[in-house]
Amino acid sequence: MKPNRNFHSVGRRGFLADMGMGFTGLALGAMLNGESVARAATEGWRAPDGKPHFAPKAKRVIWLFMIGGVSHVETFDPKPALNKYAGMRLGDTPFKDFDQNPLVKKNLREVIVGLHKIEPNLYPLQVGYKKRGQSGIEVSDWWPNVSECIDDIAVVRSMWTTDNNHGAQMQFHTGRHVLEGQFPTIGSWVHYGLGSLNENLPQFVVLGEPVDTCCGGLAAHGAAYLGPEHGGVQLAVRPEDPLAFSKLGPGVSKEEQKSEFELVSEFSRLSMAQYPDDAAMRARIKSYELAFRMQTAVPEVMKFSEENEATRRMYGLDQETTKPFGEMCLAARRMAESGVRFVQVFHGQNGGAGKWDAHSNLKKGHTDLCQQVDKPIAGLLKDLKQRGMLDDTIVVFATEFGRTPGSEGTNGRNHHPYGFSVWMAGGGIKGGVVNGATDEIGFHAVENRHYVTDIHATILHQLGLDGKKLEVPGRKRLEIDLGNPIHEIIA
Amino acid sequence: MLRRLALLASVAMCCLAQQPRALSILQQRCIPCHSGPSKKSGLDLSSRELAIQGGDRGPAIVPGKAKESLAYRVASHSEKPHMPLQSPKLSEADLTVLAEWIDQGAEYGAAAKAVASADAPLPLPNHWSFRKPQRPAVPVVATVERVRNPIDAFVAAEREKRKLTAVGPAVPRMLLRRVYLDLVGVPPTKEEMDKFLADPSPNAYEAVVDRLLADSRYGERWGRHWMDIWRYSDWYGWRKGNDVRNSQRFMWRWRDWIVESLNRDKSYDRMILEMLAADEVAPQDTDAMRATGFLARNYSKYDRDGWMQDAVDHTALGMLGITVKCARCHDHKFDPIAQEEYYRFRAFFEPYDVRVDRVPGEVDITKDGLSRVFDVDVQRPTYLYVRGDIQQPDKAKVLTPSVPRLFGFPLGSIEQVTVPLDSYYPDHRSFVQKDLLAKAKADVEQAQADLAKKEEQYATVGKDVAKLSVAEGYEKMRVASDELALAKKTLAAAKENVVALGARVAADNARFASPPDAAYENFATEARTAERKAGILKADEDVTRAQMELDKALRATPTDEKMVGEAQKRLTAASASLTQATDGYHTVGTVYENKSSGRRTALARWIGSPDNPLTARVAMNHIWLRHFGKPLVPTVFDFGLNGKPPTNPALLDWLATEFVRSGWSMKAMHRLMVTSATYRMQSSAGTENNSNAAADPDNEYLWRMNPRRMEAEVVRDSILSLSGELDLTMGGPDIDETKGLESNRRSIYFRHSPDTQMEFLKTFDGANPVECYLRSESVVPQQALALANSQISVEKARVLAAKIGISAAPEAFVKSAFETILGRLPSAEEQAVGVRFLQREPDLLASWQVPGPPAARAREDFVHVLLNHNDFVTIR
């Protein structure tokens, strides 16, 4: 800093000093934290102070979401009975009452009556399984690399959701069906509840193409009533130009720009007093401050060139097939390392329901897709582990629903909300365990059933947050919105 | 209908008092979903036995016990799910009828069979948007002081119901800025602001509104809105290969039609008609023809089915506010649209195709032209695709066009149209003939010039040959000689082409004269001969060229096998054309069918009919959204059963009927909306209105105006406009999207497609060209960076600073900059902060060795800061 800066704006410096920080914006942002959501605040209610409610086990989350619906029976939940009864109608098998199971009704919130279709002709498994690792958990042959990490993974085989259309993509992130409107996503709750780990980066980053507008669009990483400042910030994984407009304007010097940013912040502070209820303005002020710091921070984070050859190979950056998703996983790790709190990574956007949506040609489709992500995801887990980061980083592998035990057409599976699998690793989650189970054909989640918000609750729990305490006045949350932590998989 | 009559007749004979009414209620409100093969919840209510047997939830009717009957419990909302699903509750009177009927034993009587028929067409739910809006009476409200026109009365009525208190009006400065940005998409200049503030007339504001609506910038501003809804896209595909795979070239003509139509306040029903069927209703009007870009935009080179799907889906979404897409594979889950109805709707579009007609001055239709639609085959059949699978058309039944029954009002008759000569044979227009002949003559001149050059070259080589080795000399002479021979052939062919073209034009003129010229046969023979001769010469030229290319490829070291192959292919083709037989002459251009199915005209007239329950409502909702920041029906493209109901149904219906009454005049409706007291409210909640914020935090009932962020185009255009450098040239070809920060044209004129979008616009949530019925309004750091660092904001800030007065004293400069950029005066604090900046910054700038005079630079930076101010992008 140049010496003659000292006389610069005493008034403003006074303001800075009050906040005890180097840059106005940061202080202002901190001052504004959380207030936006409840102007008509009830007595006694206070916005989160950014501190966990209890001692956390994890600091951050990397959330991998496969768009379209991964087949649970061909990935993490082996069902040999499907081979045995392949081609038979459900009604001719010992499982004939499965579609009459009260769980069918129990599962549904019935936003749309009669929408749920059950494919009756059982379809054999399209891939083999092997026992893996010390734990001997069975994982399908489409996951040779992730299988090597199975002893760090807790597989949850008893997920259910209420919908079998792709609105469930947003639902997996908010807990509410798309028809019920927009609600805060898990990433935005984390952002809202916890303070920053690095003031120079967005705390909630989105990598990869988000889900299509059909199925939630930007709302699948939005913050709804928490206010736009808690929503995810999309960043391109493009090391040569990771952030548009991040280079100084023509002829502008660094100090000059900083000086301008400070003046903008000062004006913002004055405006805030005038429009205390303007949530969009509040968000804009914060994003403005963040923008200033991101200009240098983001290109730093995206410098893949700093990674050695071994690491690059670990993520599959040397292969055409694995490179795109490998770069995202690597970027996710670098972000996590730099202090981003929640990285939401999407895979499989195709301008519609999603690439994993295997209505036909399941075998070919899933083979290709698994190949694209298996190596990178395993690379991420291994890399986090070797850096000691897996201890306080939760990695989630998720999708909106599973696929029917029965066949759709000749070689596909339909949507299946009654039972499916996700997995978690790291951040105090037990490794090499399985929680919950579906029935013999993977139809219903029958043991330790978990609605999607149980995953949210588990994450919040590990981060030291109590979802209930985050509730905003006037925005009542139901039990099902909050979910329950899956204690069985918590170490 | 017969079935219905039979039902009523048989029921009338019955003795039980409530039976006919009860069955009629069941038939209308329950049986549509609870019967037939896809009965909901496994429940079939079409017969007494089935109703008692019940569905997945158990018996629906317990005869004699209404209160214990599930059907009654869900219908009376004493148990969930409330029925009819997502439809208005049954009236109390109807519920009483049902209860009494069940209590009396729930007899179906002789009607049972009639009701039970599973193949009965889907009866229609009594959904609000499927019924024609009835003009509601303007409510009488208590808060009359908040009412300037009927809009305000409707809004006030809802507010009063909820005990909400409207905030006060916006201050004049804020209001003027709001209405400028809203109607013309750029802020008022300081002079315009001052003039408005000084105008003592009580109608000063209305005068401004009228002036802005008459301003041609209005068409550009609102044109962009409609381009969102009508999903404008320039062509995309493989730009490098000039390969149009989606949309069409020259879509900008459609964009210009939109802008011009809005500026002329063309009626909305006429706009619909021209977009869907200008080729049928105005076949000779090339200006109107541009409108068919709406359909041409759906073109998809490799996917005719996807093309048809887009035409169907987006006509329905954009103009009718219904989602028909689901019914492509199965009966619609939410709305009463059968799969067959989807395909019957598609049949309107089935015959159409796209083509490019020539425009004066350019014969190459890849360089300029008019992209338009036409019926390529009026007989092209439409089949239902089983489960939406194009491999499985149900060929047993050719589907004729019709509209979904849910609308409850019929399509007019479909009349085949005979299109005029200019339209079915566009190259017969005299300007095309003239342009083609001129081009042919220009080709001769070109060939002559080329020949002269080759002759000179040959002569030069001849002189130089002595200086070369024999081998080299031979090679050079050979090449020069070949090229000379080719140039001679080219010239000969070009000359003969002029003759042939002239003869073909003459033959065309004789053939298409009305009545046909008696000497046509002679002309035709002459044309054939001339064409044959020209063809031979052209083929001779081609063979020579191909031979030369082959030679070259063969002589290359190492031999380029690929080039040899290609050259050989060309040689073979050229030689073949020499020996091909021809009969007759070729018309100068393509002659298309002289008739059109008339289907799209019928559809357009049906959509644009005052009786259509949705068209006016959907359009009003779109316009309302863009004036007030929030739509009345939140699901702007879905007014069906799965959509959300309007927040103010009476207001929407009044607007819809008023729109029709005004002759579908958009300007009339804009005027009503922006002159309403509702529009003039302040957007700030104020401090005294906490009860409003508690009762209606999302401002659904408009107790204040919604503050908004400028749309992407407005951000860019406003910066340019403030700097005084906005280029107001209207219309013309799309400008390269990468030139957005250098060119000063309005944002609407830049190339916009899924593959090509200006980064700056994209950053501010610019329209998604695939589908954009509602723009998102995100807040992300990238937006701040775009304003802070982009060339446009930095450079225009400097220009603007100079405009404000680079040498003005700090006090005056700060005040003037606030007024100019933010449209308001600075507060005392802001003024002080600003002045301090201008006083101190110059020394700092000097110490940082920033170039230029520091005092001026500080002022430029100050202007740049105000462009980055939250109040700049905010429309309060």
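Taking into account only those residues within region A:399-411 that are surrounded by 22 or more Cβ atoms within 10 Å (Cβ to Cβ) and of a type outside the set (Ser, Thr, Tyr), which is farthest from A:GLN171 (Cα to Cα)? Restricting to residues being surrounded by 22 or more Cβ atoms within 10 Å (Cβ to Cβ) and of a type outside the set (Ser, Thr, Tyr), the top hit is A:GLY406. Would you confirm, using the coordinates I've provided, whether B:ALA817 is crowded, with 23+ Cβ neighbours inside 10 Å, closer than 19 Å to B:LEU722 by Cβ and at the interface with another protein chain (Cβ under 7 Å from one of its Cβ atoms)? In short, no. Residues that are aliphatic (A, V, I, L, M) and either over 12 Å from B:LEU98 (Cβ atoms) or more than 10 Å from chain A (Cβ to nearest Cβ) (or both) within region B:67-85 comprise B:LEU70, B:ALA71, B:VAL74, B:ALA75, B:LEU85, listed in sequence order. For B:SER423, state whether it is touching a Gly at 6+ places or on another chain (Cβ under 8 Å) and not in a loop (DSSP other than H, G, I, E, B). Judged against the criteria, B:SER423 is not a match.
Being more than 7 Å from chain A (Cβ to nearest Cβ), surrounded by 18 or more Cβ atoms within 10 Å (Cβ to Cβ) and either farther than 30 Å from B:VAL636 by Cα or under 44 Å from the mean Cα position of the chain (by Cα) (or both) narrows it down to one residue among B:ALA832, B:ALA808, B:ALA801, B:ALA786; which is it? Result of the check over B:ALA832, B:ALA808, B:ALA801, B:ALA786: B:ALA801.
Checked against the criteria, A:GLY231 counts as free of Cβ contacts under 8 Å to residues at least 60 places away in the same chain, more than 7 Å from every other protein chain (Cβ to nearest Cβ) and farther than 26 Å from B:LYS796 by Cβ. Which members of region B:785-841 meet the condition of being without any contact (Cβ under 8 Å) to a residue 24 or more places away in the chain and not aliphatic (A, V, I, L, M)? Scanning region B:785-841 gives B:ASN789, B:GLU795, B:GLY805, B:LYS815, B:PRO826, B:SER827, B:GLU829, B:GLU830, B:GLN831, B:ARG836, B:ARG840, B:GLU841.
Taking region A:188-215 as the range and being within 14 Å of chain B (Cβ to nearest Cβ), part of a helix (DSSP H, G or I) and at pLDDT 85 or above as the test, the residues that pass are A:SER188, A:HIS191. When the helices (runs of 4 or more DSSP H) confined to region A:24-132 are screened for residues that are modelled with pLDDT of 80 or more and not charged (D, E, K, R), those reaching at least 3 such residues are found at A:80-84. Here region B:52-66 is the region considered, the condition is being more than 25 Å from A:ASN107 (Cα to Cα) and of a type in the set (Gly, Ala, Ser), and the residue that is farthest from the other protein chains (Cβ to nearest Cβ) is B:GLY64.
Of everything in region B:31-42 that is in contact with a helix residue (DSSP H, G or I) (Cβ under 8 Å, 6 or more places away or on another chain) and within 11 Å of chain A (Cβ to nearest Cβ), the residue that is farthest from B:ALA106 (Cα to Cα) is B:CYS33.
Out of all the residues in region A:137-150, is one or more within 29 Å of the chain's Cα centre (by Cα), within 14 Å of chain B (Cβ to nearest Cβ) and either crowded, with 17+ Cβ neighbours inside 10 Å or closer than 30 Å to A:GLU199 by Cα (or both)?
Scanning region A:137-150 turns up no residue that is within 29 Å of the chain's Cα centre (by Cα), within 14 Å of chain B (Cβ to nearest Cβ) and either crowded, with 17+ Cβ neighbours inside 10 Å or closer than 30 Å to A:GLU199 by Cα (or both).
Kindly indicate the residue of region A:333-371 that is of a type in the set (S, T, N, Q), modelled with pLDDT of 95 or more and part of a helix (DSSP H, G or I) and also farthest from A:ASN165 (Cα to Cα) among those meeting that condition. Here the answer is A:GLN371. Can you tell me which residue in region A:290-306 is nearest to A:LYS258 (Cα to Cα), limited to those that are more than 14 Å from chain B (Cβ to nearest Cβ) and out of contact with any helix residue (DSSP H, G or I) (no Cβ under 7 Å at 6 or more places or on another chain)? So, considering only residues that are more than 14 Å from chain B (Cβ to nearest Cβ) and out of contact with any helix residue (DSSP H, G or I) (no Cβ under 7 Å at 6 or more places or on another chain), the one nearest to A:LYS258 (Cα to Cα) is A:GLU300.
With B:GLU700, B:GLU737 as the choices, which residue is touching a Ser or Thr at 6+ places or on another chain (Cβ under 6 Å), under 19 Å from B:THR143 (Cα atoms) and modelled with pLDDT under 95? Reasoning before the result, please.
Details: B:GLU737 fails: under 19 Å from B:THR143 (Cα atoms).
None of the others qualify; the one that does is B:GLU700.
Residues that are at pLDDT below 95, within 8 Å of chain A (Cβ to nearest Cβ) and in contact with an Asp or Glu (Cβ under 6 Å, 6 or more places away or on another chain) do occur in region B:767-776.
Within region B:748-762, is there a residue that is farther than 27 Å from A:ARG284 by Cα, crowded, with 19+ Cβ neighbours inside 10 Å and within 14 Å of the chain's Cα centre (by Cα)? For region B:748-762, residues farther than 27 Å from A:ARG284 by Cα, crowded, with 19+ Cβ neighbours inside 10 Å and within 14 Å of the chain's Cα centre (by Cα): present.
Scanning region B:340-376 for residues that are buried (at least 20 other Cβ atoms within 10 Å of the Cβ), closer than 14 Å to B:ASP305 by Cα and of a type outside the set (Phe, Trp, Tyr) yields a total of 4. Would you confirm, using the coordinates I've provided, whether B:ASP331 is part of a loop (DSSP other than H, G, I, E, B) and closer than 30 Å to B:LEU85 by Cα? Answer is yes for this residue.
One residue stands out among those in region A:456-475 that are surrounded by fewer than 17 Cβ atoms within 10 Å (Cβ to Cβ) and touching a Lys or Arg at 6+ places or on another chain (Cβ under 9 Å): the one that is farthest from the other protein chains (Cβ to nearest Cβ), which is A:LYS468.
Looking across region A:247-289 at every residue that is surrounded by 17 or more Cβ atoms within 10 Å (Cβ to Cβ) and of a type in the set (Ser, Thr, Tyr), the one that is farthest from the other protein chains (Cβ to nearest Cβ) is identified as A:SER265. The set of residues from region A:293-343 being farther than 30 Å from A:TRP189 by Cβ and either of a type in the set (Ser, Thr, Tyr) or in contact with a Pro (Cβ under 8 Å, 6 or more places away or on another chain) (or both) comprises A:LYS303, A:PHE304, A:SER305, A:THR311, A:GLY316, A:THR321, A:THR322. Out of the residues in region A:216-253 that are among the hydroxyl-bearing types (Ser, Thr, Tyr) and assigned to a loop (DSSP other than H, G, I, E, B), which is nearest to B:PRO697 (Cα to Cα)? It comes out as A:SER246.
Scan region B:679-695 for residues that are modelled with pLDDT under 90 and either within 11 Å of another protein chain (Cβ to nearest Cβ) or closer than 22 Å to B:ILE151 by Cα (or both) and jot them down. B:SER684, B:ALA685, B:GLY686, B:THR687, B:ASN689, B:ASN690, B:SER691, B:ASN692, B:ALA693, B:ALA694, B:ALA695, listed by residue number. Of the residues making up region B:696-721, those that are within 9 Å of chain A (Cβ to nearest Cβ) and either under 30 Å from B:LYS739 (Cβ atoms) or hydroxyl-bearing (Ser, Thr, Tyr) (or both) number 2.
Residue-by-condition table, conditions (1) under 26 Å from the mean Cα position of the chain (by Cα); (2) charged (D, E, K, R):
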| site | (1), (2) |
| --- | --- |
| B:PHE345 | yes, no |
| B:THR366 | yes, no |
| B:PRO381 | no, no |
| B:VAL386 | no, no |
| B:VAL403 | yes, no |
| B:GLU415 | no, yes |
| B:ASP422 | no, yes |
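Every condition in (1) part of a loop (DSSP other than H, G, I, E, B); (2) at pLDDT below 90; (3) closer than 30 Å to B:ALA694 by Cα holds for A:MET281 except the one numbered (1).
The values are calculated or read from the model by the stated rules, or taken from the named source; none is laboratory data. Computed from a predicted model, the values in this text were never measured in an experiment. Don't worry about glycine lacking a Cβ; one is built from the backbone with ideal geometry, like all the others, and counts go over all protein chains shown.
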